[in-house]
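What follows is a single structure, written as structure tokens, with notes after it.
The values are calculated or read from the model by the stated rules, or taken from the named source; none is laboratory data. All figures in this text were calculated on a predicted structure; none of them were measured in a lab. Cβ atoms come from the backbone with ideal geometry, glycine included; neighbour counts cover every protein chain shown. For the accessible areas, the whole protein counts, side chains as well, though only heavy atoms, and no ligand, DNA or RNA atoms are used. Shrake-Rupley method; radii C 1.70, N 1.55, O 1.52, S 1.80 Å.
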Amino acid sequence: LNLRNELEVVGTACDGQDAFEKAKLLIPDIVLMDIRMPGTNGVTGTKLIRQKWPEIKVLMLTTFKDSELIFEALEEGASGYLLKDMPTDTIVQAILTVHSGGVVLPPDVTAQVIKEM
């Protein structure tokens, strides 16, 4: 992602707590957060970041299609969810969409959200 002119990667973190600590120092526009990580998971990391800095957007990026955790992350203020195996162009477009105030959900997740609502 750092090779894309329209994006600048300002930091990386190893878990949700570390992401919170890095956000404190870097105040990013958007955080790409994995849902499942050792230590503090991405749902908790999203909650910590969004409570302290509601202007920072969080986009969940993961290999897991775990609807319960996805819903929890969305409830904590995540602006969307993407799978890591999506093409880089799709991920970049999602980041730009979230940056401009949009929400990003893959079609299968959107269908499941509607179904469960």
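Within the range 83-95, can you find the residues that are within 19 Å of Thr46 (Cα to Cα), out of contact with any Gly (no Cβ under 7 Å at 6 or more places or on another chain) and at pLDDT 90 or above?
Matches in the range 83-95: Ile91, Ile95.
Which of (1) hydrophobic (A, V, I, L, M, F, W, C); (2) part of a helix (DSSP H, G or I); (3) in contact with a helix residue (DSSP H, G or I) (Cβ under 9 Å, 6 or more places away or on another chain); (4) buried (at least 19 other Cβ atoms within 10 Å of the Cβ) is the odd one out, the single condition Val98 does not satisfy?
Only one criterion in (1) hydrophobic (A, V, I, L, M, F, W, C); (2) part of a helix (DSSP H, G or I); (3) in contact with a helix residue (DSSP H, G or I) (Cβ under 9 Å, 6 or more places away or on another chain); (4) buried (at least 19 other Cβ atoms within 10 Å of the Cβ) is unmet by Val98, namely (3).
Contact list please: Cβ distance under 7 Å, first residue in the range 88-111 and under 16 Å from Asp34 (Cα atoms), second residue open to solvent by 20 Å² or more (accessible area, probe 1.4 Å) and in a helix (DSSP H, G or I), pairs at least six apart or on different chains.
Between residues of the range 88-111 that are under 16 Å from Asp34 (Cα atoms) and residues that are open to solvent by 20 Å² or more (accessible area, probe 1.4 Å) and in a helix (DSSP H, G or I), the close pairs are Val104/Thr97; Leu105/Val113.
Filter the range 71-87 down to the residues that are under 10 Å from the mean Cα position of the chain (by Cα) and either buried (at least 19 other Cβ atoms within 10 Å of the Cβ) or under 18 Å from Arg36 (Cβ atoms) (or both) and list them by number. Break it down into steps so the answer makes sense when it comes.
Just the residues of the range 71-87 that are under 10 Å from the mean Cα position of the chain (by Cα), to begin with: 73-74, 77-82.
Answer for the range 71-87, where residues must be under 10 Å from the mean Cα position of the chain (by Cα) and either buried (at least 19 other Cβ atoms within 10 Å of the Cβ) or under 18 Å from Arg36 (Cβ atoms) (or both): Ala73, Leu74, Ala78, Ser79, Gly80, Tyr81, Leu82.
Please tell me if Arg36 is in a loop (DSSP other than H, G, I, E, B), among the basic types (Lys, Arg) and either touching a residue at least 24 places away in the same chain (Cβ under 8 Å) or out of contact with any strand residue (DSSP E or B) (no Cβ under 9 Å at 6 or more places or on another chain) (or both).
When the stated conditions are applied, Arg36 passes them.
Can you tell me which residue in the range 1-48 is most open to solvent (accessible area, probe 1.4 Å), limited to those that are of a type in the set (A, V, I, L, M, F, W, C) and within 16 Å of Tyr81 (Cα to Cα)?
The selected residue is Leu32.
Quickly run through the range 49-66 and pick out the residues that are open to solvent by less than 50 Å² (accessible area, probe 1.4 Å) and either under 19 Å from Ala94 (Cα atoms) or outside any helix (DSSP H, G or I) (or both).
Listed by number, the residues that qualify are Trp53, Ile56, Val58, Leu59, Met60, Leu61, Thr62, Asp66.
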